[in-house]
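Single-structure report; data block below.
The values are calculated or read from the model by the stated rules, or taken from the named source; none is laboratory data. Treat the numbers as computed from the prediction; the structure is a model and nothing was measured. Here the Cβ is made from the backbone with ideal geometry for all residues, glycine too, and neighbour counts use every protein chain on show. These accessible areas exclude ligands, DNA and RNA; they are computed on the full protein's heavy atoms, side chains included. Shrake-Rupley method; radii C 1.70, N 1.55, O 1.52, S 1.80 Å.
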Amino acid sequence: MKAANIRLAKTAGFCFGVNKAVNMVRDLLDEGRQVCTLGPIIHNPQVVEELTERGVRIVEVPEEVPAGCVLVIRSHGVAKSVYGEIEERGLRCVDATCPFVAKIHRIVAANSGEKTAVLIAGDPGHPEVLGIRGHCAGTSFVFRNREELAQQLKIIQSGDFASCIMVSQTTFHTLEWEKCTEIAKKSCTNLQIFDTICNATANRQQEAIHLAQQCHKMVIVGGRESSNTAKLRDVCAPYGPAYLVEDALEIQRDWFCAGETVGLTAGASTPAEIIKEVPH
């Protein structure tokens, strides 16, 4: 992209929670520990490959952890039942759950129940959302957008619920969240809304929108499995071409013209060294 004028977002790259989780794994390896992670530690293939080469093993459930291994819970968090299984098996565990995610766990645990429905804005298949649902004491409903929210609200209204609470995945689309809260307020009389999109996500999305409005095109760097990276592409797309790449090798030179201004941002799971390679 040398022919283009590159503008790099200040918020691009690792967020606090991801950085903490990766460093926890690296510290354990430096101590000579055998390490397992419950799912990939982050949604970035380069980092996962690096840690795998150092001996980190990825498991899907606690029962797969070999004897003598330290199990690391990734930043996405896990359901309450998983903590119970880890304790029951007597596994040594390091909890790298992001503090913003852990806060959501406490919110839904304290405010849910048989008569209280929990609405969760997010991807129903994402590990963070699965973990949040696993801390709800009653029934939970997940929606990805306004249309799905409307469907879930109809189910809640036809059920035997006295109240409802609403939270979001930490990486949910901030503008979509605002629209969804407006709809929910009109439909539910006894509703508590907790704004649980993390500050880093909100700031990153706002800066990406600002860049996209000022640039001809946008490049978003990050893993394709990363929710927050996908949201960055989504918020940029209305303002012009937005390309999502995992590294510099995926960039095609014919995407850009000399003299264009190209905005560059990256997901919260993207290491600084990968971001630095892209402008070259």
Going by the structure shown, is Leu8 hydrophobic (A, V, I, L, M, F, W, C), out of contact with any Pro (no Cβ under 7 Å at 6 or more places or on another chain) and open to solvent by 20 Å² or more (accessible area, probe 1.4 Å)?
yes
Among residues belonging to segment 242-262 that are surrounded by 16 or more Cβ atoms within 10 Å (Cβ to Cβ) and either over 29 Å from the mean Cα position of the chain (by Cα) or among the charged types (D, E, K, R) (or both), point out the one that is nearest to Gly222 (Cα to Cα).
Glu246
Within segment 79-132, the residues that are among the aliphatic types (A, V, I, L, M) and assigned to a helix (DSSP H, G or I) are Val82, Ile86, Val101, Ala102, Ile104, Ile107, Val108, Ala109, Ala110, Val129, Leu130, Ile132
Looking across segment 54-78 at residues that are surrounded by 14 or more Cβ atoms within 10 Å (Cβ to Cβ) and either part of a helix (DSSP H, G or I) or small (Gly, Ala, Ser) (or both), the single one that is nearest to the chain's Cα centre (by Cα) is Ser75
Report yes if Ala230 is at pLDDT below 95, open to solvent by less than 40 Å² (accessible area, probe 1.4 Å), over 15 Å from Glu128 (Cβ atoms) and within 15 Å of the chain's Cα centre (by Cα), otherwise no.
no
When both residues are 6+ apart or on different chains and their Cβ atoms are under 7 Å apart, which pairs have a first residue that lies in segment 55-77 and is more than 24 Å from Pro124 (Cβ to Cβ), and a second that is polar (S, T, N, Q) and open to solvent by less than 10 Å² (accessible area, probe 1.4 Å)?
Val56/Thr37; Val72/Thr37
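Suppose the filter is open to solvent by 70 Å² or more (accessible area, probe 1.4 Å) and of a type in the set (D, E, K, R); does Asp95 pass it? Spell out the reasoning first.
Details: open to solvent by 70 Å² or more (accessible area, probe 1.4 Å): no; of a type in the set (D, E, K, R): yes.
Against the criterion (open to solvent by 70 Å² or more (accessible area, probe 1.4 Å) and of a type in the set (D, E, K, R)), Asp95 does not qualify.
Only one of Gly125, Gly131 is small (Gly, Ala, Ser), open to solvent by 30 Å² or more (accessible area, probe 1.4 Å), closer than 22 Å to His43 by Cβ and under 17 Å from the mean Cα position of the chain (by Cα); which? Before you say what the answer is, go through the steps one by one.
Working: Gly131 fails: open to solvent by 30 Å² or more (accessible area, probe 1.4 Å).
Criteria check complete, one pass: Gly125.
Kindly indicate whether Leu191 is among the hydrophobic types (A, V, I, L, M, F, W, C) and either closer than 24 Å to Phe141 by Cα or out of contact with any helix residue (DSSP H, G or I) (no Cβ under 7 Å at 6 or more places or on another chain) (or both). Working first, answer last.
Working: among the hydrophobic types (A, V, I, L, M, F, W, C): yes; either closer than 24 Å to Phe141 by Cα or out of contact with any helix residue (DSSP H, G or I) (no Cβ under 7 Å at 6 or more places or on another chain) (or both): yes.
When the stated conditions are applied, Leu191 passes them.
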By residue number, the members of segment 159-180 that are part of a loop (DSSP other than H, G, I, E, B), buried (at least 20 other Cβ atoms within 10 Å of the Cβ) and among the hydrophobic types (A, V, I, L, M, F, W, C) are Phe172
Residue tally, condition part of a helix (DSSP H, G or I), without any contact (Cβ under 8 Å) to a residue 12 or more places away in the chain and of a type in the set (D, E, K, R), over segment 1-53:
5
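Could you check segment 134-158 and list, in sequence order, the residues that are among the hydrophobic types (A, V, I, L, M, F, W, C) and open to solvent by less than 30 Å² (accessible area, probe 1.4 Å)?
Selection gives Cys136, Phe141, Val142, Phe143, Leu149, Leu153, Ile156.
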